[in-house]
């Protein structure tokens, strides 16, 4: 199943031929837990590779798939619907982590997907939600929530870029996000934005998150939460960790602090 040079301490890549999904992974023969990391909107596995420089890579088997249409993974029409991304991840986990205790980490849109995924699996022991939207937000709506107002994918992407332009001039990470959007297929951008908004309707994701049977922790940067999302987190009294001096991409903006905190959380869990 895995390449012959597994276990060297360096991550490898494999292509799941049945799904066309590229997976960056590191297998440890003595690990009793697997961790799957689900990247965010317009990202790929690269955004989460900091995990390989931590003690986590010595404690767990690590898997970071490129979601369809990003990184090196193939895209199919069915993946315009994010529910089918969840099904894809279920399939991959059943192949590579069948029956093993799981830790799931999702970032941004990947955290929305991961919330649904975690609710469907019975072997998840810990879920780490990094900057994932939980509630429907009509007051401080991010640009993704405006997708249904556009019939044309290119026009929607132009709208997103116009909203990000000012921030990109002063923030390197917003600029990086803007460049990712420009490089991405506008049809995927538009349809995933619409699909994510549909998933958040009636606070469905929050209800799933609240009902998860496994341990869970919400992690967010100091600066990027919408007022409604932050108020909701406080009101719901979800256990959470705030990454100081970070925005929406804490694993990049404050990589050392972010991965240190994640490592400590997992060390406590394993300990």
Open item on the list: Cut-off 10 angstrom, C-alpha nodes, Gaussian network model of the chain. Which of 252, 207, 128 fluctuates the most?
Closed with: 207
Open item on the list: To test your reading of the geometry: what angle, between 0 and 90 degrees and rounded to tens, separates the Cα axis of helix 82-96 from the longest principal axis of the chain?
Closed with: 10 degrees
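Can you sort 169, 257 so the residue with the fewest Cβ neighbours within 10 Å comes first? List each step's numbers first, then the result.
Values: 169 10, 257 15.
Placing the least packed residue first, the sequence is 169, 257.
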Open item on the list: I'd like to compare 186-192, 145-151: which one has the highest average count of other Cβ atoms within 10 Å, and what's the full order after that?
Closed with: 186-192, 145-151
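For the stretch 1-116, what relative contact order do you get, as a whole percent, if you take Cα pairs closer than 8 Å and at least 6 residues apart? Walk me through the numbers before you get to the answer.
Working: 198 pairs, mean separation 34.9, N = 116.
Relative contact order comes out at 30 percent.
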Open item on the list: Roughly how far apart, in whole Å, are the Cα centres of the stretch 187-220 and the stretch 82-109?
Closed with: 15 Å
- [ ] Quickly estimate the mean residue ellipticity at 222 nm for the chain, helices only: each DSSP H run with n ≥ 4 gives -39500 (n - 2.57), and the total goes over all residues, rounded to 500.
- [x] -13000 deg cm²/dmol
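Quick one: 36, 259, fewest Cβ neighbours within 10 Å first, how do they rank? Walk me through the numbers on the way to the answer.
On the way: 36 27, 259 20.
Lowest count first: 259, 36.
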Open item on the list: Using Cα-Cα distances under 8 Å and only pairs 6 or more residues apart, what relative contact order does the stretch 208-271 have, in percent?
Closed with: 32 percent
Open item on the list: Quick check: the angle from helix 153-170's long axis to the longest principal axis of the chain, C-alpha only, nearest 10 degrees?
Closed with: 80 degrees
- [ ] Please report how far the C-alpha centroid of the stretch 6-61 lies from that of the stretch 238-255, rounded to the nearest whole angstrom.
- [x] 21 Å
Open item on the list: On C-alpha positions alone, give me the angle between the axis of helix 255-270 and the longest principal axis of the chain, in degrees, nearest 10.
Closed with: 50 degrees
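If contacts are Cα pairs under 8 angstrom and at least 6 residues apart, what is the relative contact order of the chain in percent? Provide the component values of the computation, followed by the final result.
Values: 460 pairs, mean separation 47.6, N = 271.
Value for the chain: 18 percent.
For residue 75 and residue 212 in one chain, what is 0.36 nm times their gap in residues minus the Cα-Cα distance, to one decimal in nm? Don't skip to the end; give the middle numbers.
Values: separation 137, 0.36 × 137 = 49.32 nm, distance 2.98 nm.
That works out to 46.3 nm of additional length.
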Open item on the list: Within a 10 angstrom radius of the beta carbon, how do 136, 77 rank from fewest other beta carbons to most?
Closed with: 77, 136
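Pulled fully out, how much extra length does the chain show between residue 267 and residue 183, if you take 0.36 nm times their separation in residues and subtract their Cα-Cα distance? Intermediate values should be presented prior to the final figure.
On the way: separation 84, 0.36 × 84 = 30.24 nm, distance 3.76 nm.
So the chain would gain 26.5 nm between residue 267 and residue 183.
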Open item on the list: Could you give the length gained by full extension between residue 175 and residue 245, i.e. 0.36 nm per residue of separation minus their alpha carbon distance, to one decimal place?
Closed with: 23.5 nm
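Need one number: % antiparallel among DSSP beta bridges in the chain, to the nearest 5. Don't skip to the answer; put the middle values down first.
Working: 9 of 32 bridges.
If I count the DSSP bridges inside the chain, around 30 percent turn out antiparallel.
Any read-out appearing in this document is the output of simple, stated calculations on the displayed coordinates, not a laboratory observation. Note that the structure is predicted; figures quoted are calculated from it, not measured. Backbone-built Cβ (ideal geometry, glycine too); neighbour counts: all protein chains shown.
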